[in-house]
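The values are calculated or read from the model by the stated rules, or taken from the named source; none is laboratory data. Computed from a predicted structure; not experimentally measured. Don't worry about glycine lacking a Cβ; one is built from the backbone with ideal geometry, like all the others, and counts go over all protein chains shown. Side chains are part of the model used for accessible areas, which takes the heavy atoms of the whole protein and leaves out ligands, DNA and RNA. Shrake-Rupley method; radii C 1.70, N 1.55, O 1.52, S 1.80 Å.
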There are 2 protein chains.
Amino acid sequence: MGTIKEVLLTPLRIIPGVSGEVLHALKEDESSFHGFGEAYFSTVQKDAVKGWKKHREMILNLVVPAGSIRFVLFDDRPDSKSFRTIQEVILSRENYQRLTVPPGIWMAFQGLEDGVNILLNIASIRHDPSEAENLPVKNELIPFQGFV
Amino acid sequence: MGTIKEVLLTPLRIIPGVSGEVLHALKEDESSFHGFGEAYFSTVQKDAVKGWKKHREMILNLVVPAGSIRFVLFDDRPDSKSFRTIQEVILSRENYQRLTVPPGIWMAFQGLEDGVNILLNIASIRHDPSEAENLPVKNELIPFQGFV
């Protein structure tokens, strides 16, 4: 476990109100914004895991506005100072941060709550299966055994 | 009640999966994309109302990934063919569409479910209080009495 270079965690504001809240996600003048290709949501059931996936081009900006999601990242960039480092982050409203993931990082994520666990990805490019690789949750390459 | 010109409703895909779903929101090559200024969430409690608000510049792209939200729009553009028309839309996962709102429209929205009612706005410009006007839920200008 450690910290992967160029993986950013940015605390975000939740602004309370009488009728509900406003939750910041991303502004175009923030340093972690790298262009808008597509925004989509991904939901993950409690204990279920989505991944692993590695992008060759897409920069991900991830926010979890409802539920709680555990992200595990594995640095697969041979020229990185954190090559082969594993980083784990749990995002929720209680730890309301934006997770920015550069290309070349394997990522998987797991739902932690009984209700809806949902992430928003503001991706720098549109979905394109040809720029992403997939591996099963259990595999020979990624030395992480923490998904039950 | 009616339909306001330039207010768009675009059906979006929900892609099922074993571990959870993927819910489309917006791609940069879609006609309702008008630039990325900011993305933020707004939550609204059951029966509570947020609004009225009218933007002079911002184009809103609204998606409701959890809960159910009732939107009421009032066309306040004197040169519009739908001037003074009221339009009502309920968005949820059961009616999963994107609502695109141009400048010059008064909008208010109400939470409909007991749990979390949440919208994502992918706004064409960053938040700027000087380009928006606000009115209380009950006011003299907007002839809508349907908020309890």
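Residues in the stretch B:90-115 that are more than 11 Å from the chain's Cα centre (by Cα) and at pLDDT 95 or above: B:Ser92, B:Arg93, B:Glu94, B:Asn95, B:Tyr96, B:Pro103, B:Gly104, B:Gly111, B:Leu112, B:Glu113, B:Asp114.
Taken over the stretch A:56-103, the criterion of being assigned to a loop (DSSP other than H, G, I, E, B) and among the acidic types (Asp, Glu) is satisfied by A:Glu57, A:Asp76, A:Asp79, A:Glu94.
Out of the stretch A:6-43, which residues are acidic (Asp, Glu), under 27 Å from A:Glu131 (Cβ atoms) and open to solvent by 40 Å² or more (accessible area, probe 1.4 Å)?
A:Glu6, A:Glu28, A:Asp29, A:Glu30, listed by residue number.
A count restricted to the stretch B:44-83 and to residues that are open to solvent by 60 Å² or more (accessible area, probe 1.4 Å) and in contact (Cβ under 8 Å) with a residue 24 or more places away in the chain stands at 7.
For (1) closer than 26 Å to A:Ile125 by Cβ; (2) facing chain B (nearest Cβ under 7 Å), each residue gets a yes or a no:
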{"residue": "A:Val18", "(1), (2)": "no, no"}
{"residue": "A:Val22", "(1), (2)": "no, yes"}
{"residue": "A:Leu26", "(1), (2)": "yes, yes"}
{"residue": "A:Ser32", "(1), (2)": "yes, no"}
{"residue": "A:Phe36", "(1), (2)": "yes, yes"}
{"residue": "A:Phe41", "(1), (2)": "yes, yes"}
{"residue": "A:Gln45", "(1), (2)": "no, yes"}
{"residue": "A:Lys50", "(1), (2)": "yes, yes"}
{"residue": "A:Lys53", "(1), (2)": "yes, no"}
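Residues in the stretch A:104-148 that are part of a strand (DSSP E or B) and of a type in the set (Asp, Glu): A:Glu133 alone.
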